[in-house]
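The values are calculated or read from the model by the stated rules, or taken from the named source; none is laboratory data. All values reported here derive from a predicted model rather than from experimental measurement. Neighbour counts run over all protein chains shown; Cβ positions are idealised from the backbone, glycine included. Note: areas computed on protein heavy atoms with side chains; ligands, DNA, RNA excluded. Shrake-Rupley method; radii C 1.70, N 1.55, O 1.52, S 1.80 Å.
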Amino acid sequence: MLSVLVRDLRSAARRLSREKAVSATALVTLALCIGATTAIFSTVYSLMLKPLPFHEPEAIVELYTSASKAGLHHMPANVPIYLDYSANARSYESLALWSFTFMLFGDDTSVVRVAGARATAEIFRTLRVQPLVGGFFTKEQNVPGADKVVVLTQSYWKTEYDEDPAVIGREIRIDGEAYTVVGVAPRVFEAFDARVKYVVPLSWNENQANPRGRYGVGLQLFGRLLPGVGIGQADAEAKTLERVYVDASPPPVKDFVERSGMTMNVGGVQDQRVDPVRPTLLMLQGGAAFVLLIGCVNVANLLLVRTNARQSELAIRAALGAGRASIARQLLVESLFLTSHGAALGLGLAWGALRVTNFYLAKMLPQSLPASLDLRVLAFAVGLALVVGVLIGLIPIFHVLRTNLAEVIQRGTRGSSAGRGVRLLSNGLVVGQVAVAIVLLTGAGLLVHSFMRAMQVDPGMRIDGVVTGRIALPQAYRASDEAASGIRQRLLQGLREIPGVESVALGAATPFQGGLPINAFTLAEDSLPPGSPQPGAFRVLVSPGYAETLGLQLVEGRFYEEADLAPQRNVFVVDESFAKRFFPGQSALGGRFSFGGRPENDADWPGIVGVVRDVPHNGVEEKSGNPFIYQLVKGGRPGGLTLFLHTSRSSADTLLAMREKLRSIDPSIPLFDTGSLRDAVGDSFDNRRAVMLLLAAFAGLALFLSALGIYGVLAYDVSQRTREIGIRSALGASRGQVLSLVLLQGLVNTAIGLGIGLVGAFVLSRYMTALLFGVKPTDPWVYVAVSLGLAVVALVAGLLPARRASRIDPLVALRDG
């Protein structure tokens, strides 16, 4: 058996090497299709299918809150919830708080901003990891004063300390304070959050632990379920504990919970992490599968045509004693030989494609490790190649088994001409290609239209001539309100001194980047109908000069002034959506509301002094529908700020001057995420742009393969119908009539495929609704545009074989036929 297989392989290699055009076309097609499918599968497997590399990863869960009536379905927890569940929940082996953060490493002369996490000591028990070197911090160190210890990750230990075990016990400067290195976490720990380079103890004060802050957000809460406890059981217990708390709470809390739809939820940590991008990943995997299907049809068509041309050879082999099983085995070996080489090339393409997908993956899910071609993915590629090889080999095999090879010998050389059955099957495969291609093209068209709509949204602010940059404030500027206020004033004054700068402002975040906190508030005169959702709005922290610098447009009233920084002044500026929702049919100026509960004294109600046009600070695709409130940065001690400079100079010159000015103010303040505001706005569309480009690439490949299939079928058909076309010409058919005859065949196939594909696109595009912006899944303009585009491509693909047919000399055709 082995010797037979070796002989068949040698025969397949010789034949494919002689038929270079067919082999090269098939190899390139298979490599592109298998490579694209493998790259996307690797990403999907890494994020959705591959278990986290911890002991019993299915037992690791996240506890999170949601406010369904406010359109917020996944919000972090906090210290009061952690303390309550640690004491009263019975479903967990351990519970741990976690907060991703950045801290400043180094002394006053040279600091580096490094990503890490603050966590309670139970995080290591929850993940079931053991220290690689040293130990982990303990629960007793999750208190202020005892929390100046740090655990490094293995990657950071390797890059920064060359895996020196003597680092244990060493003091390093973090946020201006001395932290003692107590241990190194193993590399597997980084699978929980790939960004993290270290972990320090999370501590809190009495105010942060106050149960009245139960519905504040900011910390993630993870747990490990006890053996035998399922996620559904833990979720039910969480809702019971919340009901117990609410029932024992005063009426304002009950009212808040009812109006916001606030609930506590428990979900698998991996599912919760992937949920935001699950529709995108599944759509891309579907796109890759469609491309693979088109590629398989294309190659199957090539092999069918090639096998039909070999009928005389196969008939002779059968006459010499070769059985049909032997012939079928040879054809299958040739197909598998072709797909195996295509898969090998495809793996190389997949490796390169993964570099692109990982680049965008890091933006969409920064906490995830990059996808890679591990053994399971390689096994998938090998299995895929086998399945593809068998499937594309079955069509020519089925054709040979149905052919009467004895009649082929009797017909002589004419036996190699295409029969009606072959032509019908070949045309049917082209119809299938076109149908699948139109589905992909429609999906890509919808995403392109969505992207264009998103880019056309009015930002509501000046984005040209504004330079931005983020800074991280060292601990010294967070030690007191006076220190925090002092550095803000020094920054504003110093930046105003830069030549060419017209105005300066500070903010807590960069517009369009998302991540702004939402806060519930109470209206002084609550005129909302009974049962209305709890009022809530995103809070934008700004300095005076923000509206001038970013060009916000006043609808009524005024923006903040320097005088508003006085402690006794308590005013707000809101956006137009806020004014229309909570003060319909009237001016919002003078309207009063307060974050949290109602003030005890009527005079303590903050009032609205200005209304500005809407600005989508959380990005144009933010779907909760909540309005925005602008609040002055005049209290508190933020760890970071965004600098805004309106300037007539170039961005590069301004950024250089900004860095020099910051060094003169305090060289220990790092500047990062710099650029123009236009760039920042453009970057907010990176995720949508990535998905659009990937699906457009699949659609373009599908279009190319469909055109290739149409061309190949028509070209082969012309070669097989040379005698017929010669007779038509001899009987008086003009070149135009012959041209139309061939073109009509291609256009009919295209029209049938278009009809089938449009129905499929109409059905499948509904599953893209969550990925679209300002466009319906049934947008007629997209359907018309992709249909016309595919029809034009089909026409062009058919022109070459049609022109060749129109130039056939009747005498030569009849003589050679």
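So here's what we get for this one:
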{"quantity": "Residue 538 being in a strand (DSSP E or B), over 26 Å from the mean Cα position of the chain (by Cα) and aromatic (Phe, Trp, Tyr)", "calculated": "no"}
{"quantity": "Counted residues, the stretch 252-291 - those being more than 30 Å from residue 354 (Cβ to Cβ) and either surrounded by fewer than 19 Cβ atoms within 10 Å (Cβ to Cβ) or not basic (Lys, Arg) (or both)", "calculated": "14"}
{"quantity": "Given (1) crowded, with 17+ Cβ neighbours inside 10 Å; (2) at pLDDT 90 or above, number of the condition residue 685 does not satisfy", "calculated": "(2)"}
{"quantity": "Qualifying residue in the stretch 292-310 (condition: modelled with pLDDT of 75 or more, surrounded by fewer than 17 Cβ atoms within 10 Å (Cβ to Cβ) and over 15 Å from the mean Cα position of the chain (by Cα))", "calculated": "no"}
{"quantity": "Residue within the stretch 628-646 that is free of Cβ contacts under 8 Å to residues at least 12 places away in the same chain and open to solvent by 30 Å² or more (accessible area, probe 1.4 Å) present", "calculated": "no"}
{"quantity": "Residue tally, condition of a type in the set (Ser, Thr, Tyr), over 12 Å from residue 791 (Cα atoms) and either open to solvent by less than 50 Å² (accessible area, probe 1.4 Å) or in contact with a Pro (Cβ under 8 Å, 6 or more places away or on another chain) (or both), over the stretch 735-761", "calculated": "0"}
{"quantity": "Number of positions in the stretch 65-92 that are among the hydroxyl-bearing types (Ser, Thr, Tyr), open to solvent by 30 Å² or more (accessible area, probe 1.4 Å) and within 28 Å of residue 622 (Cα to Cα)", "calculated": "1"}
{"quantity": "Residue list for the stretch 460-507, restricted to those being more than 16 Å from residue 671 (Cβ to Cβ), aliphatic (A, V, I, L, M) and within 28 Å of the chain's Cα centre (by Cα)", "calculated": "461, 463"}
{"quantity": "Conditions (1) open to solvent by 20 Å² or more (accessible area, probe 1.4 Å); (2) touching a residue at least 60 places away in the same chain (Cβ under 8 Å); (3) under 26 Å from residue 260 (Cα atoms); (4) in a strand (DSSP E or B); number of the one not met by residue 112", "calculated": "(3)"}
{"quantity": "Residue list for the stretch 471-486, filter: of a type in the set (A, V, I, L, M), out of contact with any Pro (no Cβ under 9 Å at 6 or more places or on another chain) and surrounded by 20 or more Cβ atoms within 10 Å (Cβ to Cβ)", "calculated": "none"}
{"quantity": "Residue that is modelled with the highest pLDDT, among those in the stretch 387-405 that are open to solvent by 60 Å² or more (accessible area, probe 1.4 Å) and touching a helix residue (DSSP H, G or I) at 6+ places or on another chain (Cβ under 7 Å)", "calculated": "391"}
{"quantity": "The listed residue being in a helix (DSSP H, G or I), open to solvent by less than 50 Å² (accessible area, probe 1.4 Å) and within 14 Å of residue 643 (Cβ to Cβ), out of 506, 491", "calculated": "491"}
{"quantity": "Number of the exception - residue 532 against (1) loosely packed, with under 13 Cβ neighbours inside 10 Å; (2) in contact with a helix residue (DSSP H, G or I) (Cβ under 8 Å, 6 or more places away or on another chain); (3) modelled with pLDDT of 85 or more; (4) not acidic (Asp, Glu)", "calculated": "(3)"}
{"quantity": "Residue ranges of strands (runs of 3 or more DSSP E) in the stretch 152-250 with at least 2 members open to solvent by 70 Å² or more (accessible area, probe 1.4 Å)", "calculated": "171-174"}
{"quantity": "Residue match in the stretch 496-503 (condition: assigned to a strand (DSSP E or B), under 26 Å from residue 675 (Cα atoms), out of contact with any Ser or Thr (no Cβ under 6 Å at 6 or more places or on another chain) and not aromatic (Phe, Trp, Tyr))", "calculated": "yes"}
{"quantity": "All positions within the stretch 311-335 that are open to solvent by less than 10 Å² (accessible area, probe 1.4 Å) and modelled with pLDDT under 70", "calculated": "314, 315"}
{"quantity": "Failed condition for residue 522, given (1) more than 21 Å from residue 217 (Cα to Cα); (2) in contact (Cβ under 8 Å) with a residue 60 or more places away in the chain; (3) out of contact with any helix residue (DSSP H, G or I) (no Cβ under 6 Å at 6 or more places or on another chain); (4) open to solvent by 10 Å² or more (accessible area, probe 1.4 Å)", "calculated": "(1)"}
{"quantity": "Residue identified as under 22 Å from residue 696 (Cβ atoms), modelled with pLDDT of 85 or more and open to solvent by less than 60 Å² (accessible area, probe 1.4 Å) among 774, 789", "calculated": "789"}
{"quantity": "Verdict on residue 595 being at pLDDT below 90 and in contact with a Pro (Cβ under 9 Å, 6 or more places away or on another chain)", "calculated": "yes"}
{"quantity": "Residue satisfying condition, being surrounded by fewer than 16 Cβ atoms within 10 Å (Cβ to Cβ), within 30 Å of residue 771 (Cβ to Cβ) and in contact with a strand residue (DSSP E or B) (Cβ under 7 Å, 6 or more places away or on another chain), within set 613, 539", "calculated": "613"}
{"quantity": "Looking only at the stretch 36-64, and only at residues there that are aliphatic (A, V, I, L, M), closer than 21 Å to residue 225 by Cα and within 22 Å of the chain's Cα centre (by Cα), the one that is surrounded by the most Cβ atoms within 10 Å (Cβ to Cβ)", "calculated": "52"}
{"quantity": "Candidate set: the stretch 125-145, residues that are more than 21 Å from residue 105 (Cβ to Cβ) and of a type in the set (A, V, I, L, M, F, W, C); chosen: the one most open to solvent (accessible area, probe 1.4 Å)", "calculated": "143"}
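Residue-by-condition table, conditions (1) at pLDDT below 85; (2) surrounded by fewer than 20 Cβ atoms within 10 Å (Cβ to Cβ):
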| position | (1), (2) |
| --- | --- |
| 652 | no, yes |
| 658 | no, no |
| 662 | no, no |
| 706 | yes, no |
| 721 | yes, no |
